[in-house]
1. For GLU45, indicate whether it is within 30 Å of the chain's Cα centre (by Cα), at pLDDT 95 or above and surrounded by 10 or more Cβ atoms within 10 Å (Cβ to Cβ).
2. Based on this model, can you work out whether LEU10 counts as on the phi < 0 side of the Ramachandran plot and either under 18 Å from the mean Cα position of the chain (by Cα) or modelled with pLDDT under 95 (or both)?
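The values are calculated or read from the model by the stated rules, or taken from the named source; none is laboratory data. Please read all numbers here as calculations on a predicted model, not as lab measurements. As a convention, Cβ positions derive from the backbone with ideal geometry for all residues, glycine included, and neighbour counts pool all protein chains shown.
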Amino acid sequence: MASLKMRQSLAELEDQFAREMEVERDRRDSLIRTSNERSQRRGVERRNRRGSLRFVVLFVTLLATAALVTAAMFVTLYLLLAG
């Protein structure tokens, strides 16, 4: 009788251990998935920030170029008409 009880107890422990292992595996997979999603989100945000910065730099460069060309044009026109 004791042997049967011990086997039953051992089988219950093994079943419980297997269930706990499955729960831990699911939890680990969920944590990995969440971590990957967070990492991808951060990458997208970083790319968007860089893109915005590049756009601002491009815009400022175009404005500066237009201002310099306009100033050079008027200086040249002044020198041609004054001379």
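1. Spelling it out, it is not the case that GLU45 is within 30 Å of the chain's Cα centre (by Cα), at pLDDT 95 or above and surrounded by 10 or more Cβ atoms within 10 Å (Cβ to Cβ).
2. yes
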